[in-house]
1. Does A:R112 fit the bill of being in contact with a Leu (Cβ under 9 Å, 6 or more places away or on another chain), away from chain B (no Cβ under 13 Å) and not hydroxyl-bearing (S, T, Y)?
2. Consider A:R146 against the criteria (1) within 23 Å of A:M202 (Cα to Cα); (2) touching a Leu at 6+ places or on another chain (Cβ under 7 Å): it satisfies all of them except one. Which criterion is unmet?
3. Could you tell me whether the range B:117-132 includes any residue that is polar (S, T, N, Q), more than 13 Å from chain A (Cβ to nearest Cβ) and closer than 25 Å to A:A59 by Cα?
4. Every residue in the range B:89-132 that is within 11 Å of the chain's Cα centre (by Cα), in a loop (DSSP other than H, G, I, E, B) and either farther than 26 Å from B:V56 by Cβ or hydroxyl-bearing (S, T, Y) (or both), please.
5. Test each condition in (1) in contact with a strand residue (DSSP E or B) (Cβ under 7 Å, 6 or more places away or on another chain); (2) touching a residue at least 60 places away in the same chain (Cβ under 8 Å); (3) on the phi < 0 side of the Ramachandran plot; (4) more than 10 Å from every other protein chain (Cβ to nearest Cβ) for A:V120 and report the one that comes out false.
6. Select, from A:L140, A:L148, A:L132, A:L174, the only residue that is surrounded by fewer than 18 Cβ atoms within 10 Å (Cβ to Cβ) and at pLDDT 90 or above.
7. Condition first: within 12 Å of another protein chain (Cβ to nearest Cβ) and not in a helix (DSSP H, G or I). Now tell me which residues in the range A:70-109 satisfy that.
8. Within the range A:169-217, track down each residue that is β-branched (V, I, T) and within 26 Å of A:P106 (Cβ to Cβ).
Amino acid sequence: MSSGGTVQSLRGLLSRLGSVRPAEGTRPDAGSRAEPKDGAIITSKGLQQFLSHLGTRSAPILLDLGPVVGSNITFFGEQLNCKFMVEDLFADLERHLRERSPEELPAWLSKRLTLDAGTVDGVLLWDLYDYLDRPAAQALATALVRLLRPDGALLGFFGNANHAGSGPTTFMVLDGSHVRQRPRASVLVRRASLQNRDIIKMFDGLRVSDAFLLQTGRREMLFRKGGGGRPIT
Amino acid sequence: MWRRGEVVRPPDSGREVTGAVAPGTPGLASVPRVHAPETEAKRTMDKDVVNIGKSVVIKGELSGSEDLVIEGTVDGKVELSEHVLTVGSHGKLKAEVFAKIVIVLGEVVGNITASEKVDIRDSGSVDGDIVSPRVAIAEGAHLRGSVDMQKKPAAPVVPVQAAKPEVKLAPLPAATPGPGGQRIAAG
């Protein structure tokens with residue numbers, strides 16, 4: 001058997017053995033489901049919660065770390081009457097990996113967001129963390145926790161081992177609870193997934209308000225800064 | 001050596017106009033009935049549109065009262081409060097922009113404020129903050145900055161009443177006796 005075939009079969013075996021600890025309420029087969037095809041629509045409860053949380057604020061400031069999607073800007077602008085800030089870290093990450101060494105990434109990420117501390121009401125992280133190694137993910141988490149206002153919210157999607165090796169997707173918000181996922185061309189490759197407990201530890205200073213497992217095996221996590229979320233255990 | 005992506009400039013490339021320039025100024029390409037991109041075509045049908053050509057470089061403030069298409073380079077400020085500004089696919093603005101509608105097919109570095117709409121097409125690039133009630137960004141467009149679509153709070157409605165003669169009241173004493181004879185502190 002070729003080495004590629006061996007790797008494939010080992011990966012399949014590991015996924016069947018449940019190498020990724022499932023989130024609460026996980027169905028046994030949920031993790032093995034395939035990523036949605038081009039343009040597949042997913043139901044996002046995390047987005048619902050995110051919107052309802054920020055909807056109580058007047059003119060919130062929203063930070064989107066994904067690529068620019070015009071319909072998302074229009075949607076959030078109309079729904080939340082917010083100021084929408086776009087910082088495409090995916091593009092920056094690609095550029096950084098082309099031009100500099102990966103070892104420099106954590107230091108670069110910790111300085112990348114230059115907004116004042118406590119000025120952002122909501123952060124859309126999308127699936128950015130699937131493309132960062134741990135030191136880089138930790139550096140970015142620390143920066144994001146600093147940026148959030150008290151009771152601010154952060155919404156992130158986290159893949160599992162089955163998603164490893166695939167490229168990034170663009171999330172297009174269709175309405176308050178539906179998102180279209182579209183794969184896009186990128187040099188970024190998804191890394192091994194993070195465990196829930198590791199994610200929670202990274203965002204020290206935030207509380208997990210809600211966590212959902214999507215049918216695709218992706219986890220949606222909504223964090224809040226302070227407030228009445230679920231305490232970290 | 002010819003390099004891919006390098007713009008081939010016409011012989012008069014680099015013509016520079018310095019200072020405040022108003023569209024329609026003699027010397028600038030004033031082209032009647034030049035159509036803006038499709039969606040605005042109807043709007044501009046009956047209007048004159050000033051076109052700043054690829055080879056024109058303007059440094060300073062640009063203001064006017066008609067629609068404008070910029071295919072050249074502008075460094076400074078562009079103000080078309082009641083009109084449509086189109087930054088053509090060759091246009092490069094390093095400027096603060098104020099207009100009714102801004103359509104971007106080229107590059108803008110600077111903040112854009114539009115009273116009606118900002119439309120960034122797939123070839124467009126904006127590096128700056130946008131303030132506009134409506135924003136459309138095509139797939140493939142580049143934006144780095146914030147988008148503020150906040151609806152301004154409506155002005156408080158003051159009920160219109162028939163004019164009444166103004167009656168001046170005598171100032172109240174600091175404290176007055178209450179109904180039961182108790183003293184009620186003023187304020």
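The values are calculated or read from the model by the stated rules, or taken from the named source; none is laboratory data. As the structure is a prediction and not an experimental result, all values here were calculated from the model. Note that each Cβ is placed from the backbone with ideal geometry, even for glycine, and that neighbours are counted across all protein chains shown.
1. Numbers: in contact with a Leu (Cβ under 9 Å, 6 or more places away or on another chain): yes; away from chain B (no Cβ under 13 Å): no; not hydroxyl-bearing (S, T, Y): yes.
When the stated conditions are applied, A:R112 does not pass them.
2. That leaves (2) as the condition not met.
3. Taking the range B:117-132 and keeping what is polar (S, T, N, Q), we get B:123, B:125, B:132.
Okay, now just the ones that are also more than 13 Å from chain A (Cβ to nearest Cβ), so B:123.
Right, trim to closer than 25 Å to A:A59 by Cα and you get none.
Checked the range B:117-132: no residue is polar (S, T, N, Q), more than 13 Å from chain A (Cβ to nearest Cβ) and closer than 25 Å to A:A59 by Cα.
4. B:S132
5. With (1) in contact with a strand residue (DSSP E or B) (Cβ under 7 Å, 6 or more places away or on another chain); (2) touching a residue at least 60 places away in the same chain (Cβ under 8 Å); (3) on the phi < 0 side of the Ramachandran plot; (4) more than 10 Å from every other protein chain (Cβ to nearest Cβ) applied to A:V120, the lone miss is (2).
6. On the way: A:L140 fails: surrounded by fewer than 18 Cβ atoms within 10 Å (Cβ to Cβ); A:L148 fails: surrounded by fewer than 18 Cβ atoms within 10 Å (Cβ to Cβ); A:L132 fails: surrounded by fewer than 18 Cβ atoms within 10 Å (Cβ to Cβ).
Criteria check complete, one pass: A:L174.
7. Within the range A:70-109, A:N81, A:C82, A:K83, A:F84, A:M85, A:V86, A:E87, A:D88 qualify.
8. So in the range A:169-217, the residues β-branched (V, I, T) come out as A:169-170, A:173, A:179, A:187, A:189, A:199-200, A:208, A:216.
A:T169, A:T170, A:V187, A:V189, A:I199, A:I200, A:V208 - these are the residues of the range A:169-217 that are β-branched (V, I, T) and within 26 Å of A:P106 (Cβ to Cβ).
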